[in-house]
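Trainee: Quick one: the structure is below, questions incoming.
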Amino acid sequence: MQRFNFPVVQPDPALEELRSELQAFLKEEREAGNYRPEPECWMASADPEFSKKMGKRGWIGLTWSSQYGGHDKSALERYIVTEETLRSGAPVGAHWIADRQHAPMLLAHGTEEQKLDILPRIAAGECYFAIGLSEPGAGSDLANVKTRAEKVADGWKINGQKIWSSGAHISHYMVALLRTSPADGRNRHVGLSQIMIDLSLPGVTIKPIVDLSGDAHFNEVYFEDVIVPDDCLLGEEGGGWAQVTGELAMERSGPERFLSSYITLETALWQLSDKMGSDSHARLGKLIANLSTLKGMSWGIANLLSQGVSPETEAALVKDLGNRLENDLTQQVRAMLNDLPAEDWSPDMRRIMNIGVLRSPPNTLRGGTTEVMRGITARQLGLR
Amino acid sequence: MINTEGMVAETATKIYTDLCAREVPHEAEAGKYPQALWDALTENGLPLAWVSEANGGFGADYDETFGAIWASAQAASPVPFAETLIANWMLDRAGLAPADGSASFALSGHTPSADIPFGMHADKIVLFDEAHHEISLFDNRAAVRSPEESLSPDGMTQFIFSGHVVEQSAKTDISRRAIEALILTVRAVQMAAAMETALNLSIDYVCQREQFGRPLSKFQAIQQQLAVAASECAAATMAATQAASAIARHADDPEQAWHEAVIAKVQIGHSVEAVTEPFHQVHGAMGYTQEYDLHHYTRRLWAWRDALGNEFHWSKRLGEELALTSPDQIWKGVTTGDWTGGKVVAS
């Protein structure tokens with residue numbers, strides 16, 4: 001018996017036409033100066049205008065039905081879009097989270113009205129969501145959330161604070177994990193619910209947090225007696241924990257876990273061309289072997305997910321390996337660039353490398369820290 | 001995942017389960033060769049799996065034969081099963097009859113000699129002579145065999161080609177890269193299987209062994225080490241499976257699977273340190289002993305890592321080739337597994 005389930009799935013030639021279309025579009029946009037490629041683009045590089053263009057082309061909302069503005073395509077086609085936009089470092093940060101995470105959540109738990117209202121706007125690249133999991137006292141210790149929602153006539157009253165909410169300042173909604181009833185003794189997983197909050201409501205305050213790279217995509221979000229209607233409760237009251245862990249499994253195995261810094265390598269490859277020495281060749285060979293292997297693992301999970309199987313441990317493995325590779329990639333490329341005198345680096349190379357270094361710390365944090373991922377694996381191994 | 005279903009894989013698994021219990025590799029190392037195990041493999045025709053039917057074999061699928069190799073590595077096979085499969089495959093590719101008995105292989109290099117895995121046990125040696133596009137069969141028993149230092153319990157001998165009578169020889173149109181692809185893939189499968197078995201041993205051990213009043217498995221430091229090792233094992237299995245699947249896909253032209261095979265060699269070779277170190281660490285002194293099983297796997301991993309060139313050699317070779325293609329082609333390879341469009345093919 002083999003311990004983990006990573007089916008090998010051959011690439012589908014039918015998907016390659018979509019890949020070519022994307023490549024042509026991204027090249028054109030980049031060459032027209034409509035964006036400057038960046039590492040970690042899906043987190044830190046948001047441009048609503050670009051999102052709307054992606055929406056017009058039908059590259060957001062691929063997987064849901066046209067009834068809700070989607071395109072009735074497969075999760076694998078979505079995977080191609082994800083890969084290509086990451087590879088080119090495109091400014092996809094505005095719509096990324098809504099497309100990946102909240103649209104499927106609304107499809108599963110939203111009311112018909114919400115689906116008809118919100119999903120077409122997400123697909124058009126005009127409606128953005130922020131994640132509301134972390135709190136100042138609860139990062140990886142997610143069950144420790146304190147922000148609460150209290151049942152009031154016709155809705156819920158919300159008080160508390162969320163933190164590290166990427167893109168909240170440009171988002172229309174947040175889906176927050178909230179305490180709707182006290183923990184049952186020591187079981188902190190009960191009494192948590194997911195509630196969708198319109199961020200334009202009175203009582204919501206959003207404050208940017210400037211990160212060490214000078215970007216301000218993170219936010220603190222405060223809720224003071226914010227009232228949302230009943231139907232903003234997503235899924236079951238008290239079922240928030242199970243919903244959140246299911247959602248995290250999906251978000252942990254995607255290409256953004258190992259391709260966020262690929263643009264750094266690709267930019268360096270164009271720069272180095274025939275100037276690479278044997279040390280750099282060895283580094284390149286190893287990086288590409290690691291990337292190919294992770295792509296196989298992630299693609300295998302994508303295929304399982306498209307069949308309705310959600311392998312939590314395999315997803316944790318991909319995230320752990322992928323995050324290590326992302327950071328290693330930046331370090332290896334730094335070393336490879338020694339083959340080129342610093343004065344020969346293009347301004348873009350310098351910019352992308354610097355951004356890559358500055359944005360590397362969150363790789364092993366967001367979506368669950370490395371230590372939490374290893375805890376999930378250890379449990380699967382029977383050690384906990 | 002490696003395909004462990006199908007007649008070849010299942011037959012091999014059964015033979016290894018029945019005839020290669022945990023004491024067998026220990027006894028083999030002490031000098032008691034497990035003839036019954038080898039005989040059972042031969043009686044079932046398994047070493048002929050990759051020989052075409054026209055040539056007296058049974059042209060089995062590559063895919064399930066990799067499952068048989070997986071089973072042999074998990075059992076720490078002290079007989080040259082994988083080596084014979086490769087040697088017979090080489091003979092078949094030159095239209096020669098399969099070896100009578102067990103066999104090992106050599107690729108011609110810059111010297112008139114080669115290091116032969118399982119050299120003390122193999123009946124025959126099959127040589128690929130790249131310069132003459134020739135495959136030749138030698139009688140290993142008749143040769144003077146000098147043991148070489150080897151990390152592996154399977155041992156290695158040096159074979160000097162000159163002065164030996166070729167038993168059979170024929171031209172082949174197969175390339176060195178095709179042979180490299182197959183050998184590297186077989187080794188990758190063996191290594192992934194050995195890693196997983198060593199992981200399982202480690203998990204069992206830390207669940208049983210108590211220190212400071214509780215099982216080792218309950219210490220977070222131990223859990224984190226084994227979780228990292230498990231992720232490396234999972235990656236190794238994926239890399240080996242991708243290579244095996246590429247060989248199966250390009251059955252007529254294994255050269256086309258070269259990139260996947262090298263990727264597996266590089267990926268897994270670099271993982272060896274990342275797994276053997278924690279495995280030995282969590283086993284404490286016990287893992288350092290002859291009487292315990294762990295070394296059957298870690299010593300083979302260390303030997304296979306170096307075989308045919310170590311991970312640094314192959315990382316560099318892969319990188320050199322990739323550097324000559326365009327970044328667009330590299331991306332195509334990573335995303336679609338299509339490495340053939342680059343402008344460089346031969347080495």
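The values are calculated or read from the model by the stated rules, or taken from the named source; none is laboratory data. Quick caveat, the model's predicted, so the values are computed rather than measured. When we count neighbours, we look across all protein chains shown, and the Cβ atoms used for this are built from the backbone with ideal geometry, even at glycine. Keep in mind that these areas ignore ligands, DNA and RNA; they rest on the heavy atoms of the full protein, side chains included. Shrake-Rupley method; radii C 1.70, N 1.55, O 1.52, S 1.80 Å.
Trainee: Can you name every residue in the stretch A:6-56 that is part of a loop (DSSP other than H, G, I, E, B), within 14 Å of chain B (Cβ to nearest Cβ) and open to solvent by less than 60 Å² (accessible area, probe 1.4 Å)? Even if it seems obvious, please write down each step before you answer.
Mentor: Taking the stretch A:6-56 and keeping what is part of a loop (DSSP other than H, G, I, E, B), we get A:6-12, A:32-40, A:45, A:47.
Still in the running and within 14 Å of chain B (Cβ to nearest Cβ): A:6-12, A:37.
Across the stretch A:6-56, the qualifying residues are A:6, A:7, A:8, A:9, A:11, A:37.
Trainee: Next question, about the same structure. With the requirement that a residue be under 12 Å from the mean Cα position of the chain (by Cα) and over 19 Å from residue B:242 (Cα atoms), what does the stretch B:59-73 give you?
Mentor: If the condition is that a residue be under 12 Å from the mean Cα position of the chain (by Cα) and over 19 Å from residue B:242 (Cα atoms), then B:72 is the only one that fits.
Trainee: Inspect the stretch B:267-280 for any residue being open to solvent by less than 40 Å² (accessible area, probe 1.4 Å) and outside any helix (DSSP H, G or I) and give the result as yes or no. Give the steps one after another, and end with the answer.
Mentor: Here is the first cut: in the stretch B:267-280, the ones open to solvent by less than 40 Å² (accessible area, probe 1.4 Å) are B:267-269, B:271-272, B:274-276, B:278-279.
Imposing the further condition that a residue be outside any helix (DSSP H, G or I) reduces the set to none.
There is no residue in the stretch B:267-280 that is open to solvent by less than 40 Å² (accessible area, probe 1.4 Å) and outside any helix (DSSP H, G or I).
Trainee: Counting just the residues of the stretch B:57-85 that are open to solvent by 50 Å² or more (accessible area, probe 1.4 Å) and not in a helix (DSSP H, G or I), which one comes out modelled with the lowest pLDDT?
Mentor: Residue satisfying both the conditions and the ranking: B:58.
Trainee: Here is a further query. Collect the residues in the stretch A:144-155 that are surrounded by 13 or more Cβ atoms within 10 Å (Cβ to Cβ) and touching a helix residue (DSSP H, G or I) at 6+ places or on another chain (Cβ under 7 Å), keeping them in residue-number order.
Mentor: Within the stretch A:144-155, just A:155 meets the criteria.
Trainee: Are any of the residues in the stretch B:251-260 under 16 Å from the mean Cα position of the chain (by Cα), at the interface with chain A (Cβ under 7 Å from one of its Cβ atoms) and assigned to a helix (DSSP H, G or I)?
Mentor: Within the stretch B:251-260, not a single residue is under 16 Å from the mean Cα position of the chain (by Cα), at the interface with chain A (Cβ under 7 Å from one of its Cβ atoms) and assigned to a helix (DSSP H, G or I).
Trainee: Among the residues of the stretch B:122-172, write down those that are within 18 Å of residue B:109 (Cα to Cα), of a type in the set (Asp, Glu) and outside any loop (DSSP other than H, G, I, E, B).
Mentor: Selection gives B:129, B:134, B:148.
Trainee: Among the residues of the stretch A:264-275, which ones are surrounded by fewer than 24 Cβ atoms within 10 Å (Cβ to Cβ) and in contact with an Asp or Glu (Cβ under 7 Å, 6 or more places away or on another chain)?
Mentor: A:272, A:275
Trainee: For residues that are among the polar types (S, T, N, Q) and not in a strand (DSSP E or B), scanning just the stretch A:156-186, find the one that is surrounded by the most Cβ atoms within 10 Å (Cβ to Cβ). Step through it out loud before you land on a result.
Mentor: Looking only at the stretch A:156-186, we keep the residues that are among the polar types (S, T, N, Q), and these are A:159, A:161, A:165-166, A:171, A:180-181.
Narrowing further to those that are not in a strand (DSSP E or B): A:165-166, A:171, A:180-181.
Numbers: A:165: 25, A:166: 21, A:171: 23, A:180: 20, A:181: 15.
The residue in question is A:165.
Trainee: Return the residue satisfying two criteria in turn: it lies in the stretch A:289-330 and is free of Cβ contacts under 8 Å to residues at least 40 places away in the same chain and at the interface with another protein chain (Cβ under 9 Å from one of its Cβ atoms), and of such residues it is nearest to the chain's Cα centre (by Cα).
Mentor: Once the filter is applied, the top-ranked residue is A:294.
Trainee: Still on this structure, I have one more. Looking at (1) open to solvent by 10 Å² or more (accessible area, probe 1.4 Å); (2) in contact (Cβ under 8 Å) with a residue 24 or more places away in the chain, which one does residue B:144 not meet, given that it meets all the others?
Mentor: Failed condition: (2).
Trainee: For the structure I just gave you, tell me whether residue B:198 is without any contact (Cβ under 8 Å) to a residue 60 or more places away in the chain, of a type in the set (Gly, Ala, Ser), crowded, with 18+ Cβ neighbours inside 10 Å and more than 30 Å from residue B:251 (Cα to Cα). Give the steps one after another, and end with the answer.
Mentor: On the way: without any contact (Cβ under 8 Å) to a residue 60 or more places away in the chain: no; of a type in the set (Gly, Ala, Ser): yes; crowded, with 18+ Cβ neighbours inside 10 Å: yes; more than 30 Å from residue B:251 (Cα to Cα): yes.
When the stated conditions are applied, residue B:198 does not pass them.
Trainee: Next question. Step by step: first the residues of the stretch B:223-249, then only those that are among the aliphatic types (A, V, I, L, M) and more than 7 Å from every other protein chain (Cβ to nearest Cβ), then the one that is surrounded by the fewest Cβ atoms within 10 Å (Cβ to Cβ). Which residue is that? First the steps, then the outcome.
Mentor: The initial filter retains those residues of the stretch B:223-249 that are among the aliphatic types (A, V, I, L, M), namely B:226-230, B:234-236, B:238-240, B:243-244, B:246-248.
Add one more test, that the residue is more than 7 Å from every other protein chain (Cβ to nearest Cβ), and what stays is B:229, B:236, B:240, B:243-244, B:246-248.
Values: B:229: 26, B:236: 29, B:240: 33, B:243: 32, B:244: 30, B:246: 25, B:247: 26, B:248: 18.
Looking at the filtered set, the residue picked out is B:248.
Trainee: Also, quick follow-up: Considering only the stretch B:1-37, state which residues are surrounded by 20 or more Cβ atoms within 10 Å (Cβ to Cβ) and farther than 26 Å from residue B:248 by Cα.
Mentor: B:20, B:24, B:25, B:28, B:37 - these are the residues of the stretch B:1-37 that are surrounded by 20 or more Cβ atoms within 10 Å (Cβ to Cβ) and farther than 26 Å from residue B:248 by Cα.
Trainee: Based on this model, can you work out whether residue A:282 counts as within 10 Å of chain B (Cβ to nearest Cβ) and not charged (D, E, K, R)? Quick ask: steps written out before the conclusion?
Mentor: Values: within 10 Å of chain B (Cβ to nearest Cβ): yes; not charged (D, E, K, R): yes.
Considered against the rule, which asks whether it is within 10 Å of chain B (Cβ to nearest Cβ) and not charged (D, E, K, R), residue A:282 comes out as yes.
Trainee: Please state which one of B:217, B:175, B:169 is polar (S, T, N, Q), under 30 Å from residue B:72 (Cβ atoms) and open to solvent by less than 20 Å² (accessible area, probe 1.4 Å). Full working, then the answer.
Mentor: On the way: B:175 fails: open to solvent by less than 20 Å² (accessible area, probe 1.4 Å); B:169 fails: open to solvent by less than 20 Å² (accessible area, probe 1.4 Å).
Just one listed residue meets the conditions, B:217.
Trainee: Turning to a different aspect of this structure: Mind checking which residues of the stretch B:207-246 are under 16 Å from residue A:320 (Cβ atoms), in contact (Cβ under 8 Å) with a residue 24 or more places away in the chain and of a type outside the set (Ser, Thr, Tyr)? Step through it out loud before you land on a result.
Mentor: Within the stretch B:207-246, the first condition is being under 16 Å from residue A:320 (Cβ atoms), and the residues that meet it are B:220, B:223-238.
Still in the list and also in contact (Cβ under 8 Å) with a residue 24 or more places away in the chain: B:225-226, B:228-230, B:232-233, B:235-237.
Across the stretch B:207-246, the qualifying residues are B:225, B:226, B:228, B:229, B:230, B:232, B:233, B:235, B:236.
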